[in-house]
Amino acid sequence: MRARKVAALFLASFAARGETMKTWDFQTEKVDEPPAGFSFGKTGQGRPGKWVVREDAGRRVLAQIDTDDTDYRFPVAVADEPSIKDLRLEVNCKPVSGKTDQACGLVFRYQDENNYYVTRANALEDNVRLYHVVRGKRSQLAGWNGKVAGQTWHALAVEARGNRFQVFFDGKPVIDAKDDTFQNAGKVGVWTKADSVTWFSGLSLKPHQ
C-alpha cells in the first residue's frame, strides 16, 4: 500500500510540474565519493561493490570500481526514491574493464538486494539478457545475442508495463518477454557483475500511467 501511494504521489508531482522524466546525471556530485540519494547492495558472494563518482571527458559518471572477480557477485546501486511499477528506465553505460565479466545492467521493481528484475549487456559475451532474481537466485527470462563493444558508451533501456517487459539496446528493441514474479512497485538502479568496472551516465526514469 505504501509503495503504491509513493508511486502515485511521484506521478502526481510530475504532472503538477509538467514533467515527464526524472534524471540522475551526477554532475553536482563530488568526485571519488558515493552519490547522494543512492543506497548500495550486493547479491551473491564476494566483496560489496565500490560505487563512486568519476569524470569522463569532462562529465561526471557513476562508476563501480571494485574488481573482486567472484563469479556470482552482483553489486547494485539503487535510487532511494521513487518506488514505481510501470516505467521506462534508461541509462548510458560503458563497460570499462573486467576479465571475468564486463557487464552493465538496470534493475527495476527492486524489493531488496535479493529480489528484483535486471536487464544487462555484457561486452565479453556479446549479449543482452533479462533476468529475475528471487531470494538471491538469478534466472534468465529472455536474451539477445549481438555485438556489445567494450570501452564504448551504450544506451540500455527497459519498458515495464504490467507483466510485459521490452528491452532496448542502442535504440534497437532486442527483448520482449512476460513474467509475473514481481507485480508490485519497486526501486530502480544500476548493476554490475563480478570484476566488471563499469561507468554509468544519465540514468533516467519515465513513469507509465
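Each reported figure results from applying straightforward, stated rules to the coordinates on display, with no laboratory input. Not measured: the values here are computed from a predicted model. Glycine gets a Cβ as well: all are built from the backbone with ideal geometry, and neighbour counts include every protein chain shown.
Kindly write out, for the range 164-170 in residue order, the coupling ³J(HN,Hα) from the Karplus curve 6.51 cos²θ - 1.76 cosθ + 1.60 (θ = phi - 60°), rounded to whole Hz, with x marking Gly and Pro.
After applying 6.51 cos²θ - 1.76 cosθ + 1.60, I find 10, 10, 10, 10, 10, 10, 6 Hz.
My understanding is that a pair violates if its Cα-Cα distance is over 28 Å; which of Lys22/Lys137; Lys85/Lys172; Lys50/Lys172; Lys30/Lys187; Lys147/Lys178 do that in this structure? It would help to have the intermediate numbers written out before the result.
On the way: Lys22/Lys137 30 Å; Lys85/Lys172 23 Å; Lys50/Lys172 31 Å; Lys30/Lys187 23 Å; Lys147/Lys178 24 Å.
Where the Cα-Cα span goes over 28 Å, the pairs concerned are Lys22/Lys137; Lys50/Lys172.
Select from the range 104-145 those trypsin sites (Lys or Arg not before Pro) which occupy a DSSP coil region and have at most 12 other Cβ atoms within 10 Å, ordered by residue number.
Arg135
With r as the distance between the Cβ atoms of Asp71 and Ser204 and R0 = 25 Å, compute the FRET efficiency 1/(1 + (r/R0)^6) and round to 0.05.
That gives a FRET efficiency of 0.25.
Ranking request for peptides 169-176, 191-198: highest mean number of other beta-carbon atoms within 10 Å first, then the rest in descending order.
Put in order of decreasing packing, that is 191-198, 169-176.
Find how much the distance from Val134 to Ala177 grows on full extension, using 0.36 nm per residue of separation minus their present alpha carbon separation; answer in nm with one decimal. Walk me through the intermediate numbers first.
On the way: separation 43, 0.36 × 43 = 15.48 nm, distance 1.73 nm.
In short, 13.7 nm is gained.
Could you check which residue among Val52, Val76, Val188 shows the biggest mean-square fluctuation in a GNM of the chain with a 10 Å Cα cutoff?
Val52
How far is it, in nm, from the label point at Glu81 to the one at Ser97 when both lie 7 Å from their Cα along the line to the Cβ?
Placing both labels 7 Å beyond Cα along the Cβ direction yields 3.9 nm.
Got a sec to turn the phi values of the range 36-44 into Karplus ³J(HN,Hα) couplings, 6.51 cos²θ - 1.76 cosθ + 1.60 with θ = phi - 60°, whole Hz, x for Gly and Pro?
For the range 36-44, the Karplus curve yields 5, x, 10, 10, 10, x, 8, 9, x Hz.
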